[in-house]
Structure formats: structure tokens, C-alpha cells
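So the structure is just underneath, and the comments pick up after that.
Nothing in this text is a laboratory measurement; each read-out follows from the coordinates by a stated rule. Quick caveat, the model's predicted, so the values are computed rather than measured. Cβ placement follows ideal geometry from the backbone for every residue including glycine, while neighbour counts extend to all protein chains displayed.
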Amino acid sequence: MNELIEYEAGVLVDLLAEGDDLQVQLFMDKMNIPFDVQGQLLTATAAIRRPDQLSIAKVIESHGHSSLSDRLGY
């Protein structure tokens, strides 16, 4: 696990502890996490009883890629 993911996990733990959903969403946008993955991350972190930096970092690593195709036609 790299230091960037550990840092991001630490920030997310703090924001989740504050209960500020908007700031959590904005921070994940800054992390360049695709919107569909943000939802998966929030669902996975909600299932953790006592979220800490290591558990959130593992969730970030396991949900690192979007399931939507980059080539969706609009």
C-alpha cells in the first residue's frame, strides 16, 4: 500500500467521523475517483463498524477502478 492511499484513507476517516457527507464526496472527487466507484466506496465503508485508516485504505485499493466503460458513447 502506498503513502498516497494511506493519506487519502486518513482524510476520509476524519471526514467520515465528522459525518460531513458533502466533504467526503468532494474529497473523493479531488481523488479523481469515478462517480460509480464513489458509491461503492461509501457502501463498503458504511459496512465497517469502526473505520480506521487501514480498513479504509484496503477498501480504496479494492475498489480502485470504475466498472463503467471509458468508451461509452454519448
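Observations
- Both radii come from the Cα set of the range 19-59: Rg as radius of gyration, Rh as Kirkwood radius; their ratio Rg/Rh reads 0.94.
- Calculated FRET value between Ala47 and Leu22, using beta carbons and R₀ = 22 Å, to 0.05: 0.55
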